[in-house]
Structure formats: structure tokens, C-alpha cells
Amino acid sequence: MNKLLTPRQASFQRVVTEGGVVLVILAWWWFAKDMPAFVMPTPQAVLSRLLKFLYDPRLMSHAGISFMRVGVAVALATIISLAIGLLTRRFAILEELVERRLLTFLNSFPSVGWAILAVIWFQISNGTVIFIQVVIVLPFCLINVLEGLRQVDPELVEMGRSYTRSSRRLLLRLVLPLVMPFLAAGLRVAYGIAWKIALVSELFGAQSGLGYLLMQAQVRADATLVFACCLAIVLIFGTVDRFVLRPLALRYSVRRAA
């Protein structure tokens with residue numbers, strides 16, 4: 001988008017963007033300066049607690065565990081979605097079942113319901129948290145996979161079959177590259193949602209992770225820790241999205257346009 005702006009416009013856009021952040025922080029400080037810390041901590045107090053995630057082994061461990069769970073859950077949801085999508089493409093009779101029944105069920109089933117059921121079924125464990133995240137982000141991945149497979153040109157597939165009879169080679173060299181722009185877009189959405197779900201799932205089914213820290217902060221009325229955990233998630237999400245997921249999505253969108 002910045003490529004369409006003149007240097008002056010780009011500079012003004014940066015001033016507006018950064019200035020907006022500064023105004024929010026100033027408003028936060030003004031509102032919090034006369035409030036008790038357990039209600040509204042100051043930005044300085046939150047920043048000090050946030051920096052502890054960089055050197056406090058206990059906080060680093062909780063953040064790393066949450067990041068691991070989110071990564072595994074998103075990867076599993078993507079793999080399962082791709083498998084379901086390929087089965088739907090291979091057996092057209094499954095299309096109605098997947099799009100009209102499975103997706104409707106997964107999209108409408110309450111997140112809290114999955115969390116409660118997972119604790120009942122699997123007790124409290126890493127697997128419980130990952131299961132909750134997978135079933136909740138699965139429909140977002142699946143929708144993008146199905147749409148990507150729907151956009152695959154049948155004539156290209158037929159042409160590919162004229163070069164090879166190997167279904168595996170056809171899948172890896174032709175179908176998957178054509179689906180990747182949709183898969184990458186779904187991956188970004190699923191990653192963001194997984195972080196939101198991570199807190200809920202860890203509140204219900206874990207004794208570690210950032211969600212667990214939030215539960216402890218609630219018990220101790222530690223609003224500073226609540227803000228620090230939430231901002232830690234924002235920073236982790238923003239870093240991975242900026243340096244991994246966004247370039248990946250851009251790479252495949254450019255290839256598709258070419």
C-alpha cells in the first residue's frame with residue numbers, strides 16, 4: 001500500500017500512526033495516575049512487568065509453552081483441513097457433508113463448550129489445550145482450503161496428468177502450490193484466533209502458559225500482570241506475523257498474480 005503513496009504522504013501516514021499510539025499511551029497514563037494499581041496500573045508499571053518476560057525464567061517458560069501450543073494447534077488444524085479438503089475434492093459425495101454439516105457445526109459450537117468437554121474427556125494436560133485450539137480454529141482453515149481447491153483449474157490438473165501418472169507428484173507439484181495462497185491466508189487468520197483461544201483453553205485446562213498466569217493474576221487482583229500478559233501476546237503475535245506469516249502470504253499471492 002505504501003508503494004502508492006508519495007514520500008510526503010508516507011511520512012504523514014507514519015506520523016499519524018505513531019502519534020496515535022503516543023496519544024493512547026498518554027491517555028492511559030493520565031487515566032491511571034490517580035487510580036489504584038490493582039484497578040488500572042500505569043504504563044510504566046506494565047512496561048516494567050512486560051520486560052521481565054525477557055529475563056525471568058518463570059515468565060519466559062509460560063510464554064514459550066503458550067507459543068508452542070499455539071504453533072502445534074495451528075499446524076494440526078492446517079494439516080487436518082488440507083486432508084479433509086483433498087478428500088472432498090477426491091470424493092464429491094462428501095462436499096455436502098463437509099460444507100453444509102461439518103462447517104456449520106464447527107462454526108456454531110461454543111468455544112467454552114469445547115473447553116469444558118475437553119477437560120471432562122482428557123483431564124488437564126497439554127493435549128487438552130491443543131485439542132481445544134484445534135477444533136476452534138479448524139473451520140477457519142478449512143474454509144480457505146476448500147475455497148482454494150475450488151479455484152484449481154481442472155484443465156491444469158488434466159494437463160498435469162499428461163506429464164505424470166503419480167498422484168503424489170501431481171499433488172505436491174501442482175495442486176498444493178495453487179492452493180498455497182488460500183492456505184497462507186487461512187494460516188494468518190488461524191494463528192491470530194488461536195492466540196485468543198489460547199487464553200480460554202489454558203484457563204480451563206492447563207497449569208502453565210499465559211492463560212494460567214492470567215488466572216493467577218485474577219486471584220491476586222494483579223492488573224499489572226494481566227496487562228503485561230496481554231501485551232506479551234500482542235508482541236509475540238505481531239513479530240511472527242510480521243516476519244513469517246505476512247511475507248509467506250505475500251510471496252504466494254505474488255506468485256498467483258504472476
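Of the numbered criteria (1) of a type in the set (Gly, Ala, Ser); (2) within 26 Å of residue 238 (Cβ to Cβ); (3) modelled with pLDDT of 90 or more, the one residue 83 fails is (2). For region 98-149, which residues satisfy the criterion of being of a type in the set (Gly, Ala, Ser) and either in a helix (DSSP H, G or I) or surrounded by 23 or more Cβ atoms within 10 Å (Cβ to Cβ) (or both)? Matches in region 98-149: 108, 111, 113, 115, 118, 127, 148. Among the residues of region 150-162, those identified as of a type outside the set (Lys, Arg) and assigned to a helix (DSSP H, G or I) are 154, 155, 156, 157, 158, 159, 160, 162. If you check every pair at least six apart or on different chains, which have Cβ atoms under 9 Å apart with a residue in region 66-86 that is free of Cβ contacts under 8 Å to residues at least 60 places away in the same chain and in a helix (DSSP H, G or I) first and a residue that is surrounded by fewer than 19 Cβ atoms within 10 Å (Cβ to Cβ) and among the hydrophobic types (A, V, I, L, M, F, W, C) second? Within 9 Å, the pairs are 71/240. Being surrounded by 13 or more Cβ atoms within 10 Å (Cβ to Cβ) and either under 13 Å from residue 229 (Cβ atoms) or of a type in the set (A, V, I, L, M, F, W, C) (or both) is the filter here; which residues of region 39-56 pass it? Selection gives 40, 41, 45, 46, 47, 49, 50, 52, 53, 56. Scanning region 115-156 for residues that are under 19 Å from residue 187 (Cβ atoms) and of a type in the set (S, T, N, Q) turns up 133, 144, 151. Sort through 161, 173 and tell me the only one that's more than 28 Å from residue 96 (Cβ to Cβ), modelled with pLDDT under 80 and surrounded by fewer than 20 Cβ atoms within 10 Å (Cβ to Cβ). Going through 161, 173 in turn, just one is more than 28 Å from residue 96 (Cβ to Cβ), modelled with pLDDT under 80 and surrounded by fewer than 20 Cβ atoms within 10 Å (Cβ to Cβ): 173. Suppose we filter 79, 65, 130, 124 for residues that are more than 30 Å from residue 175 (Cβ to Cβ) and within 18 Å of the chain's Cα centre (by Cα); which single one remains? Criteria check complete, one pass: 65. For region 10-64, the candidate set comprises residues that are out of contact with any helix residue (DSSP H, G or I) (no Cβ under 8 Å at 6 or more places or on another chain) and in a loop (DSSP other than H, G, I, E, B); within that set, the residue that is farthest from residue 233 (Cα to Cα) is 34. The selection criterion, being of a type in the set (A, V, I, L, M, F, W, C) and buried (at least 17 other Cβ atoms within 10 Å of the Cβ), does not hold for residue 92. Of all residue pairs spaced 6 or more apart or on separate chains, those with beta-carbon atoms under 9 Å, a first member in region 141-170 that is within 28 Å of residue 75 (Cα to Cα) and a second member that is at pLDDT below 75 and polar (S, T, N, Q) are 170/164. Sub-7 Å Cβ pairs linking a first residue in region 175-186 that is of a type in the set (Phe, Trp, Tyr) to a second residue that is part of a helix (DSSP H, G or I), at least 6 apart or interchain, are 182/144; 182/145; 182/147; 182/148, ordered by first then second residue. Taken as a whole, the condition of being within 18 Å of residue 70 (Cα to Cα) and either of a type in the set (Asp, Glu) or assigned to a helix (DSSP H, G or I) (or both) does not apply to residue 208. Taking each residue of region 45-58 that is more than 23 Å from residue 26 (Cα to Cα) and looking for partners that are at pLDDT 90 or above and of a type in the set (A, V, I, L, M, F, W, C) with beta-carbon atoms closer than 7 Å, six or more apart or interchain, yields 53/59; 53/60; 53/63; 53/232.
The values are calculated or read from the model by the stated rules, or taken from the named source; none is laboratory data. None of the values given here were measured: they were computed from a predicted structure. Every residue, glycine among them, receives a Cβ derived from its backbone with ideal geometry; neighbour counts consider all protein chains shown.
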